[in-house]
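**Q** Structure provided below as structure tokens; questions to follow.
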Amino acid sequence: PSTIYAAGITGQNGKILKSTDAGTSWVDIYNEPSKNNTVLSIAVSKVNSSIVLAGLNSGELIRSVDAGRTWQAAKDFGDRIIQIKFDPSNTAYALTSTKGLLRSTDSGVAWNSITDALTTDVFNSINRNLSSVTNFYELAIDQKQSGVLYLGTEQGIFRTTNAGADWNFLALPVRNAALRVTGLA
């Protein structure tokens, strides 16, 4: 409970810091060698706190299996990684800006896209036809119901109750029925 990771950019380089005393002191545990490549997201496994995933502005996912002492390039998504999160069953999710949501069931080693249906030409909803999603902004994970995820997009909110096998559009009470959703909780 006293371990904290912080990620961002200092100067022109992405950086990850770690505190093991609830933020009283900090140590550098990762310095991105390429310029202007921010560390945008970081997540710690719910089952094994030694496994840490971090997503970079460049689309590269880095992974540590020793609580941040060493890092390896795990995957290059080719798209900015906005968020990385673990669900209660320890499935990892990485949200990218335009390619959507990817899932890993092996702590970040292998990844599969689960939003291909949303990025096709027309997403068919029970209520209406929607344009394909081209921008993803936010991921929210239900911490009590396994497989329940919410995505904030430029088309509004989408929900899955089966870990991405199917997606449903959630209509919002706005005048034009569409709202760019950039935050979910």
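The values are calculated or read from the model by the stated rules, or taken from the named source; none is laboratory data. These numbers were taken from a predicted model, which means no experiment stands behind them. When we count neighbours, we look across all protein chains shown, and the Cβ atoms used for this are built from the backbone with ideal geometry, even at glycine. Quick note on the areas: whole protein, heavy atoms, side chains included, nothing else; ligands and nucleic acids left out. Shrake-Rupley method; radii C 1.70, N 1.55, O 1.52, S 1.80 Å.
**Q** Keeping to pairs on different chains or 8 or more places apart, tell me how many lysine pairs in the chain have Cα atoms under 17 Å apart.
**A** For the chain, the number of qualifying lysine pairs is 7.
**Q** In whole Hz and in residue order, list the ³J(HN,Hα) couplings for segment 85-97 that follow from phi through the Karplus curve 6.51 cos²θ - 1.76 cosθ + 1.60, θ = phi - 60°; x for Gly and Pro.
**A** 3J(HN,Hα) across segment 85-97, in whole Hz: 9, 9, 8, x, 8, 6, 6, 9, 10, 10, 9, 9, 4.
**Q** Can I ask one more? Computed from the coordinates I sent, Rg/Rh (Cα atoms, Kirkwood Rh) equals one of (1) 1.00; (2) 1.06; (3) 0.94. Tell me the label.
**A** Matching entry in (1) 1.00; (2) 1.06; (3) 0.94: (1).
**Q** Sticking with this structure for a sec: Which FRET efficiency value, to the nearest 0.05, do you get for T70 and T182 by plugging their Cβ-Cβ distance into 1/(1 + (r/R0)^6) with R0 = 35 Å?
**A** 0.55
**Q** Taking a label point 7 Å from the Cα of A22 along the Cα→Cβ vector, which residues of segment 1-16 have an amide N closer than 16 Å to it?
**A** 1-5
**Q** Quick one: how many Å² of K35 are accessible to a 1.4 Å probe, rounded to 10?
**A** We get 120 Å² for K35.
**Q** Also, I was wondering about something else. Where only protein heavy atoms count, and the probe is 1.4 Å, what is the accessible area per residue for the chain in Å²?
**A** That works out to 50 Å² for each residue.
**Q** Report, to the nearest whole %, how much of the accessible area of the chain belongs to carbon and sulfur atoms, 1.4 Å probe, protein only.
**A** In the chain, the share of accessible area belonging to carbon and sulfur is 47 percent.
**Q** In nm, what is the difference between 0.36 nm times the number of residues separating T10 and N36 and their Cα-Cα distance?
**A** Result for the pair: 8.4 nm of gain on full extension.
**Q** P(r) for segment 45-93: what percent of alpha-carbon pairs falls in each 10 Å bin, starting at zero?
**A** Per 10 Å bin, starting at 0, the Cα pair percentages come out as 28, 54, 19.
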